[in-house]
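Following: one structure in structure tokens, then a few remarks.
The values are calculated or read from the model by the stated rules, or taken from the named source; none is laboratory data. These numbers were taken from a predicted model, which means no experiment stands behind them. Reconstructed Cβ throughout: ideal geometry from the backbone, glycine too, with neighbour counts over all protein chains shown.
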Amino acid sequence: MRVRSGAQDGLICFREGEIVHAQSLSIEGEEAFYDILSWELGNFECDDSISQKETIQESWDFLLMESMRRIDKFSS
């Protein structure tokens, strides 16, 4: 899934329902995923291409909970 927000461009890749790779600017992996989820707005474009990279090992529910924790921490 390609995500765009203004000049920002990110990529989140899924395999069998799990998030396996994320990329934003020069960041890859979990930090890129957290960066993308911190954007206020975004346009999403899905395709069926397969990522050869596996930079994320955590489950999608852990990643979402950690993203929300970070957003809450920074907005306090």
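Mind listing just one residue for me: the one in the range 1-54 that is among the basic types (K, R) and in a strand (DSSP E or B) and, of those, farthest from F74 (Cα to Cα)?
So in the range 1-54, the residues among the basic types (K, R) come out as 2, 4, 15, 53.
Checking the rest, the ones that are also in a strand (DSSP E or B) come to 2, 4, 15.
Values: R2: 25, R4: 22, R15: 30 Å.
The qualifying residue farthest from F74 (Cα to Cα) is R15.
Scanning the range 15-35 for residues being free of Cβ contacts under 8 Å to residues at least 40 places away in the same chain and either in contact with a helix residue (DSSP H, G or I) (Cβ under 9 Å, 6 or more places away or on another chain) or polar (S, T, N, Q) (or both) gives a total of 10. Residues in the range 55-76 that are assigned to a loop (DSSP other than H, G, I, E, B) and either loosely packed, with under 13 Cβ neighbours inside 10 Å or free of Cβ contacts under 8 Å to residues at least 12 places away in the same chain (or both): Q57, S59, S76. When the range 53-75 is filtered for residues that are closer than 15 Å to E16 by Cβ and polar (S, T, N, Q), the ones remaining, listed by number, are Q57, S59.
In the set (1) touching a strand residue (DSSP E or B) at 6+ places or on another chain (Cβ under 9 Å); (2) on the phi > 0 side of the Ramachandran plot; (3) among the acidic types (D, E), the condition left unmet by E58 is number (2).
Residue-by-condition table, conditions (1) among the aromatic types (F, W, Y); (2) in contact with a Gly (Cβ under 6 Å, 6 or more places away or on another chain):
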site	(1), (2)
V3	no, yes
Q8	no, no
V20	no, no
L25	no, no
D35	no, no
D48	no, no
K53	no, no
W60	yes, no
M65	no, no
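It is to be established whether one or more residues within the range 38-51 are under 11 Å from the mean Cα position of the chain (by Cα) and of a type outside the set (F, W, Y). The answer is yes; a qualifying residue exists.
Exactly one residue among E18, E28 is acidic (D, E) and modelled with pLDDT under 95, and that residue is E18.
Looking across the range 22-41, just one residue is of a type in the set (V, I, T) and buried (at least 18 other Cβ atoms within 10 Å of the Cβ), and that is I36.
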